[in-house]
Amino acid sequence: MKLMIDTKECIGCGQCKSVCIRDNIEIDDVAYETGSNCFECGHCMAICPTKAVTLKIFKGREDKIVDYNPKDLPVSYSDMLQFLKQRRSIRWFKNKKIDKDTFNKLLQGAYYSPSAQNEQDVEFVVLDNRLNDFMKHVYNIIKVEEEEFFRIKQFGDYIRDNSIKEYHPLLWSGQQLILTFSTDKTSAVIANTRLELLAYSLGLGGFYSLFILKADEIDHDKLMEFFPGIDKNKHMYSAFIIGYPKKHFKRTIPHKDINVKFM
Ligand SMILES: Cc1cc2nc3c(=O)[nH]c(=O)nc-3n(C[C@H](O)[C@H](O)[C@H](O)COP(=O)(O)O)c2cc1C
């Protein structure tokens, strides 16, 4: 049993039952649990009008509970759209590092992210001091595709003699990198996107790297040697270089039309 139901507070309204997708709640004057199907999504707890339902796993984390009026949206559609319009990839950064408190602020976006089966198994690595070691590790894996991709060849040349190039061919002027690991690709990407958007709200910027991700596709086991503390069933599904923007864009640029089929 995963829930604590305060039978004195419960008014038997059935709202908890109506949002439970695991048929784990029934009403007999008051709510009760029918079995152990619960996957701890917390919908029952979040909708209860009298705070009668609590998930046992949330005990001690009451400070994370915030009441809000569902009719008050904190961001308007037009503000949100304008925010998305103003987003651009940032590859040129100031020589200033993001501190741990700021990273923790960004991770709040991931903390509230949805995940497949409510697994909540997305985890992050922030590479800073060990970034160069990691990039060498990546190169040793992706170099098998050097003939195919000019950018990987450039990366190899850079590692062999980094005095000859002004910018890193994969990181540009980035000095910090966020990697996202999960068993489920979609959950990882969603979590990273939220973190990315919060970054823009704090005046930070960054870009995703496809070449770094290649390391996981080419030799997952070797990649994971760099991260002995991470479960090998998880994959690196997102690599986001982040920092304080040095260049500031002034206008939006049109995109190709989006193809949508309404069927
Ligand atoms: C999955 C993904 C991988 C990307 N890989 C790289 C990359 O390896 N190097 C890079 O400089 N930019 C990379 N980008 C950034 C794109 O090039 C960029 O989004 C595109 O040029 C459009 O620019 P904008 O993001 O400013 O709209 C990547 C973006 C995505 C979504």
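The values are calculated or read from the model by the stated rules, or taken from the named source; none is laboratory data. For clarity, every value in this text was computed on a predicted model and none was experimentally measured. In this analysis, Cβ positions are derived from the backbone assuming ideal geometry, glycine residues included, and neighbour counts consider all displayed protein chains.
So, in segment 4-51, of the ones that are farther than 18 Å from residue 69 by Cα and among the small types (Gly, Ala, Ser), which residue ends up surrounded by the most Cβ atoms within 10 Å (Cβ to Cβ)?
Filtering first and then ranking leaves 31.
If a residue has to be touching a residue at least 40 places away in the same chain (Cβ under 8 Å) and more than 22 Å from residue 231 (Cβ to Cβ) to count, how many in segment 174-193 make the cut?
Number satisfying all stated conditions: 3.
Does segment 127-141 contain any residue that is more than 26 Å from residue 204 (Cβ to Cβ), within 16 Å of the ligand (Cβ to nearest atom) and either polar (S, T, N, Q) or surrounded by 11 or more Cβ atoms within 10 Å (Cβ to Cβ) (or both)?
Within segment 127-141 (the criterion being more than 26 Å from residue 204 (Cβ to Cβ), within 16 Å of the ligand (Cβ to nearest atom) and either polar (S, T, N, Q) or surrounded by 11 or more Cβ atoms within 10 Å (Cβ to Cβ) (or both)), the answer is yes, since at least one residue qualifies.
Filter segment 181-195 for residues that are within 13 Å of the ligand (Cβ to nearest atom) and not hydrophobic (A, V, I, L, M, F, W, C); which is surrounded by the fewest Cβ atoms within 10 Å (Cβ to Cβ)?
Result: 185.
Based on this model, can you work out whether residue 247 counts as in contact (Cβ under 8 Å) with a residue 24 or more places away in the chain, within 13 Å of the ligand (Cβ to nearest atom) and closer than 17 Å to residue 140 by Cβ?
No: the conditions fail for residue 247.
Among all residue pairs at least 6 apart or on different chains, which show Cβ distances below 8 Å where the first residue, located in segment 85-108, is more than 21 Å from residue 172 (Cα to Cα) and the second is more than 11 Å from the ligand (Cβ to nearest atom) and among the small types (Gly, Ala, Ser)?
106/199
Can you find a residue in segment 103-110 that is within 25 Å of residue 190 (Cα to Cα), surrounded by 15 or more Cβ atoms within 10 Å (Cβ to Cβ), within 16 Å of the ligand (Cβ to nearest atom) and modelled with pLDDT of 95 or more?
No - not one qualifying residue is present in segment 103-110.
Looking at segment 175-187, is at least one residue in the same structural domain as residue 222 (by TED's automatic domain parsing), over 26 Å from residue 121 (Cβ atoms) and not charged (D, E, K, R)?
Yes - at least one qualifying residue is present in segment 175-187.
Can you tell me which of 214, 234 is over 15 Å from residue 90 (Cβ atoms), within 16 Å of the ligand (Cβ to nearest atom), of a type in the set (Lys, Arg) and buried (at least 17 other Cβ atoms within 10 Å of the Cβ)?
214
From the list 204, 198, which residue is under 12 Å from the mean Cα position of the chain (by Cα), in contact (Cβ under 8 Å) with a residue 12 or more places away in the chain, more than 13 Å from the ligand (Cβ to nearest atom) and assigned by TED's automatic domain parsing to the domain that holds residue 141?
Answer to the check: 198.
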